[in-house]
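Worksheet: the structure to be examined is printed underneath.
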Amino acid sequence: MDSDLFILVLELVGTVAFAVSGAMTAMKKEMDIFGVCVLGIITACGGGVIRDIILGITPPNTFRDPVYGVTATVTSIIIFLPFVRKMLFRHKKLYDKVLLYMDTAGLGIFTVVGARTALVMSEEYNIFLLIFVGVITGVGGGIMRDVLAGDRPYVFVKHVYACASIVGAAVCSVLWKYSSSIALASGMAVVILIRFFAIKYDINLPKAVLEDDWD
């Protein structure tokens, strides 16, 4: 498969995954179909927009190519359909699993796609830039989703999320000099494995716990 086509397929899969995550969050907040579509689009495209602004790609690719916005919108509408909605919300375990799988898949895909975009757009190999842009691309949409939904961003309070993205972006960046395909696959695999391992064993980062008499 042509490399550009492969990246497009990855981006569309990630767009669908994050759109599902955003739409489900919106429905849990009892938003109308417009709100569901907005959160679906924001979650799917928000990280990419931030990435492009950082890299000086203007206007961001999301606004130049409608395929991402359209894909996110269609996905959100499908999730909003009554029979799909009832199936997802009938069982909490099913809802949690779908949200976990979609969010994890989107994080893994957009982390490595973000790192790859930074490498293509930058004039020199800068591993800090690749990791930073990869992480921003991976977590940016989810942070925007949570803020709009009135929640504390998941990335700051639950499980190992951004750290999984950091490690995945680092692996992708280091391996890129040897093989782009291996770098992409390895980066995604690392993100996914860390996420599932952290959730399975309920691993969280240390939190700041205030004393009871704190005013």
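Overview of results
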| item | result |
| --- | --- |
| The stretch 150-179, subset in a loop (DSSP other than H, G, I, E, B) and either aliphatic (A, V, I, L, M) or under 13 Å from the mean Cα position of the chain (by Cα) (or both), residue farthest from A198 (Cα to Cα) | P153 |
| Test: residue in the stretch 27-48 that is buried (at least 18 other Cβ atoms within 10 Å of the Cβ), within 30 Å of A183 (Cα to Cα) and over 15 Å from the mean Cα position of the chain (by Cα) | no |
| Given (1) modelled with pLDDT of 95 or more; (2) polar (S, T, N, Q); (3) surrounded by fewer than 18 Cβ atoms within 10 Å (Cβ to Cβ), index of the condition T111 fails | (3) |
| Among (1) part of a helix (DSSP H, G or I); (2) free of Cβ contacts under 8 Å to residues at least 12 places away in the same chain, the one test that T73 misses | (2) |
| Extreme residue, surrounded by the most Cβ atoms within 10 Å (Cβ to Cβ), among residues of the stretch 1-26 that are among the charged types (D, E, K, R) and closer than 24 Å to L129 by Cβ | E11 |
| Residue count for the stretch 1-28, restricted to those that are at pLDDT 95 or above and not in a helix (DSSP H, G or I) | 0 |
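The values are calculated or read from the model by the stated rules, or taken from the named source; none is laboratory data. Computed from a predicted model, the values in this text were never measured in an experiment. Note: ideal-geometry Cβ built from the backbone for every residue, glycine included; neighbour counts use all protein chains shown.
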